[in-house]
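The values are calculated or read from the model by the stated rules, or taken from the named source; none is laboratory data. Quick caveat: nothing in here was measured; it's all calculated off a predicted structure. A quick note on method: Cβ atoms are made from the backbone with ideal geometry, for glycine too, and the neighbour counts reach across all protein chains shown.
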Amino acid sequence: MTTFLYVFYIKLFGLTMLHSKLINPSSIAVIGGSEHIDHIGGSVLKNLIDQPFPGDLFVVNPKKKIVQGIRAFSDVTELPQTDLAIFAIPASEILSSVLELVERKGTKGFMIYSAGFAELNEEGKKMELEITKVIDEAGGSLLGPNNIGMINENFAGIFTRPVPKITKYGADFISASGATAVFTIEAAQQIGLSFSGLYTVGNSAQIGVEEILEYLDISYTPKESSRVKLLYIEGLKHPEKLLKHALSLKKKGCTLVALKAGKTRKGQHAAASHTGAMANPEVFIQALFKKAGIVVCESRYELVTIGAILQPLKSVPKSIGIITHAGGPAVILTDVLTQNNLLVPDLSEEHKNNLASMLYPGAATGNPIDMLATGNADQLREVVKYCENEVKDIDAIAVIFGSPGLGSVKKPYEVIHEMRSQCKKPIFAIMPSVVNVKKEIQFFIEKGNIAFYDEYLFGSCLSRIAGVDFFDSQESAAKKNEFRAVSSLIASEKKGFLAPEACFKVLSVIGIPAAKQHIVRSKSELENCCEVINFPVAQKIIGPLHKTDEKGVILNVRNKQELFENFSSLMKINAAEGVLIQEMVDGKEVFVGAKREEGFPPLIMCGAGGIYVEALNDRTQSLAPIDNIEAGKMIESLRIFPILNGLRGEAPCNLEAFRKSIELVSDLMLQNPQITELDLNPLILNEKGITAVDARIMTE
């Protein structure tokens, strides 16, 4: 998309704008540029010169007339018109310069490397807000502060090294951390992964990960933009924006890969429901990634490995042929692929015999194909050609080729390079001898290839890509179950936890069946109740949040005498308001819950239910809206799914009823934002259907 069309689109839809002068400036001023390339201002200037930047390059340095061959001005007031200003001066000196640049130099792009802002103290936060306000009011864009900048095909606006290799179809990389970006670039260079653009957001005063992703989405053009987006995230200010643009990019054929830091949180407060206890902010973020089909990884090495696997792919392979001259690594790769549901198919006898005729005696010609340590470059070429043209049940080839240090592997590596360009099936090169043949690997990478160094890491990352689904329920009419009566029902209740009667009325309105029940608050009401109930029943205290903890649940009450005795003991419990009497229902215990977190769509959870729901931790979650298909996938991912589906002669439970209850709760939460938390635990699931026996709903 051209800059003009991008700006038009932004203005038309009122979206956050990354100004074109930040992305593609005609002139850049380095405020604080110096001769010292081991200083920030000197280093960024050197990178801009070395790329080189094709526009006008200025320096502000009060002590020099010329800096690294570039004309220097003593103050920003002396600068000519400047599109982009890069700051490498103390935080306290920046606001006055920004005001001058905005008012008199027409500057719209700003990058602030300097620290000492919101990450330091309240005074720094105030300065950051003032600078951001000035740039906002001028219609400009600010990257940072406290970052390392950005680099794309237009200019190298980073002060760190190594400078990543920029290619048209490299990966786009957005990082919340400058240091993590540098270390990730180093990891990428080890294997040959290039970048299309690198953006570090630092404090995200104006522009965060979400805004960069928005820009990459809106400016995406199929024949020009990268299909691989790598993210390092520490926190999200606008998660719904990230979800929207991640889904949009996914539909355009892109794959997003995220490394998320800060997953553990100390000091979680005691929650009022099981769902509340389990649905911490990190769970929301993981659910967002799942909803958008974002591949989640655990380290920067996984991040760059997944990015490198994806770069040449048009589709994710499911069936892999392995060619090696070292049996052990091939076995390791086979194990990790098959354990993660990818195929390493056995070859037919015909294929084995044909391959054996190409190799030395003793070579293994199944899959993996082991050429032995004596295998040579010509044999490797023939085996790869055979797998490409004749073996129809594999859709990708992994070649593991290292060296024990006894000779050069240059010729085999040239064959792999040649075959990668000739074959339609993707060829993944795993070159584990990072010391013995370091020069040959570097030569291979310099030709534009990727050289993976660890077979397990490669196999694990390939499996992770293949295992990701995404559910774009956003376009479906999620509110097909209309629950208008719920809003008026909730409005008539006090805020906070709804009374049990109101909870079960809500379930009745939305169509989730509940066990036959009665609420009694006196012995006279209990006497009347006895005439209509069928034993056995359950008795549950009304009032305390955690009934089981207060010994407020009694099951299998079989007669009237037990009923009255239990009533008397339950009403003695502190905060008791009454007793709920329910007919017993047999089946498997499951749960469905929901919770809101500011900025996110409602989180819907399901899993194994009952009093051990948190201890068992057999649950899954997704963000609303959830349709029937996604609800089914959620249930199938549970460890108890084989039990629910019928085990050892047991009748299968009514899984459609379970799916429907998840879908109904999703629609309920979308249509009733005043519901902040919902917990249906347990739901009793059997072959006939699903029945709610306990419900907790909180409103604001």
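The figures follow:
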| read-out | value |
| --- | --- |
| Hits in segment 141-162 (condition: part of a loop (DSSP other than H, G, I, E, B) and either within 25 Å of the chain's Cα centre (by Cα) or more than 11 Å from residue 111 (Cβ to Cβ) (or both)) | 144, 145, 146, 147, 148, 152, 153, 154, 160, 161, 162 |
| Matching residues in segment 630-660 - criterion: being under 27 Å from the mean Cα position of the chain (by Cα) and free of Cβ contacts under 8 Å to residues at least 12 places away in the same chain | 636, 641 |
| Only one of 114, 141, 175 that is outside the structural domain of residue 260 (by TED's automatic domain parsing), buried (at least 19 other Cβ atoms within 10 Å of the Cβ) and within 22 Å of residue 214 (Cβ to Cβ) | 141 |
| From 511, 587, residue being touching a helix residue (DSSP H, G or I) at 6+ places or on another chain (Cβ under 7 Å), touching a residue at least 40 places away in the same chain (Cβ under 8 Å) and closer than 30 Å to residue 632 by Cβ | 511 |
| Of residues in segment 535-557 being of a type in the set (D, E, K, R) and closer than 14 Å to residue 582 by Cβ, the one modelled with the highest pLDDT | 540 |
| Lone unmet requirement of (1) out of contact with any helix residue (DSSP H, G or I) (no Cβ under 9 Å at 6 or more places or on another chain); (2) touching a residue at least 60 places away in the same chain (Cβ under 8 Å); (3) in a helix (DSSP H, G or I) for residue 182 | (2) |
| Matching option when the condition is in contact with a Pro (Cβ under 8 Å, 6 or more places away or on another chain), charged (D, E, K, R) and in the same structural domain as residue 86 (by TED's automatic domain parsing), among 38, 56, 50 | 56 |
| Filter result for the condition that a residue is farther than 20 Å from residue 431 by Cβ and of a type in the set (Gly, Ala, Ser), over 377, 363, 373, 398 | 363 |
| Among (1) in a helix (DSSP H, G or I); (2) touching a helix residue (DSSP H, G or I) at 6+ places or on another chain (Cβ under 7 Å); (3) of a type in the set (A, V, I, L, M); (4) under 22 Å from residue 359 (Cβ atoms) - the single one residue 330 does not satisfy | (2) |
| Answer from 359, 355, 347 - the residue that is within 21 Å of residue 334 (Cβ to Cβ), outside the structural domain of residue 194 (by TED's automatic domain parsing), not in a loop (DSSP other than H, G, I, E, B) and not polar (S, T, N, Q) | 355 |
| Which numbered condition residue 643 fails, given (1) within 22 Å of residue 689 (Cβ to Cβ); (2) part of a loop (DSSP other than H, G, I, E, B) | (2) |
| Residue check, residue 12 touching a strand residue (DSSP E or B) at 6+ places or on another chain (Cβ under 9 Å) and either outside the structural domain of residue 179 (by TED's automatic domain parsing) or modelled with pLDDT of 95 or more (or both) | no |
| Scope segment 294-314; condition in contact (Cβ under 8 Å) with a residue 60 or more places away in the chain and among the small types (Gly, Ala, Ser); matching residues | 307, 308 |
| Residue 442, sole failed condition from (1) within 24 Å of residue 356 (Cα to Cα); (2) polar (S, T, N, Q); (3) in a helix (DSSP H, G or I) | (1) |
| Residue in segment 15-48 that is surrounded by the fewest Cβ atoms within 10 Å (Cβ to Cβ), counting only those that are at pLDDT 95 or above, among the hydroxyl-bearing types (Ser, Thr, Tyr) and not in a helix (DSSP H, G or I) | 26 |
| Condition met for residue 285 (over 17 Å from residue 398 (Cα atoms), in a helix (DSSP H, G or I) and among the aliphatic types (A, V, I, L, M)) | yes |
| Count of residues meeting criterion [free of Cβ contacts under 8 Å to residues at least 60 places away in the same chain and small (Gly, Ala, Ser)] in segment 316-332 | 2 |
| Lone unmet requirement of (1) buried (at least 23 other Cβ atoms within 10 Å of the Cβ); (2) within 24 Å of residue 625 (Cβ to Cβ); (3) among the aliphatic types (A, V, I, L, M) for residue 207 | (2) |
| Restricting segment 186-204 to residues that are under 16 Å from residue 309 (Cα atoms) and touching a Ser or Thr at 6+ places or on another chain (Cβ under 8 Å), the residue that is surrounded by the fewest Cβ atoms within 10 Å (Cβ to Cβ) | 194 |
| Test: residue 120 is assigned to a loop (DSSP other than H, G, I, E, B) and closer than 26 Å to residue 172 by Cβ | no |
| Positions within segment 377-411 being under 22 Å from residue 434 (Cβ atoms) and free of Cβ contacts under 8 Å to residues at least 40 places away in the same chain, in sequence order | 377, 403, 404, 405, 406, 407, 408, 409, 410, 411 |
| Close pairs (9 angstrom Cβ cut-off, 6 or more residues apart or separate chains): surrounded by fewer than 24 Cβ atoms within 10 Å (Cβ to Cβ) in segment 598-625, of a type in the set (S, T, N, Q) and assigned to a loop (DSSP other than H, G, I, E, B) anywhere | 608/617; 611/548; 620/637 |
| From 221, 264, residue being hydroxyl-bearing (Ser, Thr, Tyr) and modelled with pLDDT under 90 | 264 |
| Answer from 663, 630 - the residue that is under 13 Å from residue 593 (Cα atoms) and surrounded by 18 or more Cβ atoms within 10 Å (Cβ to Cβ) | 663 |
| Residues being surrounded by fewer than 17 Cβ atoms within 10 Å (Cβ to Cβ) and within 13 Å of residue 354 (Cβ to Cβ) - total across segment 383-408 | 3 |
